Amino acid sequence: MGQVASMPHRGGAYVLELHEWYRKFVDECPSGLITLHEFRQFFCDITVGENSSEYAEQMFRALDNNGDGIVDFREYVTAISMLAHGTPEEKLRWSFKLYDKDGDGAITRSEMLEIMRAVYKMSVAASLTKVNPMTAEECTNRIFIRLDKDQNAIISLQEFVDGSLGDEWVRQMLECDLSTVEIQKMTKHSHLPARSSRERLFHANT
């Protein structure tokens with residue numbers, strides 16, 4: 001069970017941005033709450049395509065900071081503010097929750113592979129991959145080689161953050177993309193922008 005999310009404190013333009021996020025949230029979620037079913041519908045049908053159900057479920061768990069099965073505006077805006085304005089370390093600490101599926105503070109190879117397969121499926125469906133992409137297994141293996149410094153077959157939070165900060169390819173692979181979380185107007189033609197960090201997920205040459 002996570003701790004209750006606390007609202008970030010900033011001023012000036014951030015207040016206007018907060019009002020805009022709230023307006024979008026209430027427009028699409030009049031109750032002020034989002035269930036997993038609703039989030040999956042938004043995420044899969046509107047944002048990144050129908051093949052992203054697994055990734056959507058884990059994203060929802062990361063947003064649901066107190067683990068009550070519902071995402072409220074406070075939890076939502078805390079996450080989106082972090083992804084929009086947080087430091088690289090803060091963003092990576094939040095992204096760690098996406099891969100740590102059981103919430104035990106460590107990422108196993110199977111956990112990483114499961115999310116990578118979900119991201120791969122999502123990227124292919126959204127036509128974000130190029131010819132001859134790396135496989136999810138190859139990406140997972142490469143990440144573990146670079147991050148699992150003590151070679152104990154798990155990636156700790158510190159290894160995740162330190163390793164990603166020191167490796168641009170890994171950071172781009174693992175850092176959550178704000179465009180997959182920010183609420184857009186729900187129309188049939190809404191979609192993840194064609195150019196995003198996800199486009200590079202399986203195409204590193206180093």
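Details
- Looking at R109, R117, R93, R142, just one residue is under 17 Å from the mean Cα position of the chain (by Cα) and modelled with pLDDT of 90 or more, and that residue is R93.
- Test: V181 is in contact with a Lys or Arg (Cβ under 9 Å, 6 or more places away or on another chain) and either among the aliphatic types (A, V, I, L, M) or at pLDDT 65 or above (or both): no
- Flag: D148 matches the condition of being more than 14 Å from the chain's Cα centre (by Cα) and at pLDDT 90 or above.
- Options M122, M134: the member that is open to solvent by less than 60 Å² (accessible area, probe 1.4 Å), at pLDDT below 95 and in a helix (DSSP H, G or I): M122
- Scanning segment 83-100 for residues that are of a type in the set (D, E, K, R) and assigned to a helix (DSSP H, G or I) gives E89, E90, K91, R93, K97.
- Complete set of residues in segment 1-59 that are hydroxyl-bearing (S, T, Y), modelled with pLDDT of 55 or more and open to solvent by less than 60 Å² (accessible area, probe 1.4 Å): Y14, T35, S52, S53, Y55
- Restricting the first member to segment 149-169 and to residues that are under 14 Å from S95 (Cβ atoms), and the second to residues that are among the β-branched types (V, I, T), the beta-carbon pairs closer than 7 Å and six or more apart or on different chains are I155/I107; F160/I107; G163/V170; S164/V170.
- Condition check for G103: assigned to a loop (DSSP other than H, G, I, E, B), open to solvent by less than 70 Å² (accessible area, probe 1.4 Å) and under 12 Å from L157 (Cα atoms): yes
The values are calculated or read from the model by the stated rules, or taken from the named source; none is laboratory data. What you are looking at is a predicted structure, and each value in this text was computed from that prediction instead of being measured. Because the Cβ atoms are built from the backbone with ideal geometry, glycine has one as well, and the counts that use them run over all protein chains shown. All accessible areas refer to the heavy atoms of the entire protein, side chains included, with ligands and DNA or RNA removed. Shrake-Rupley method; radii C 1.70, N 1.55, O 1.52, S 1.80 Å.
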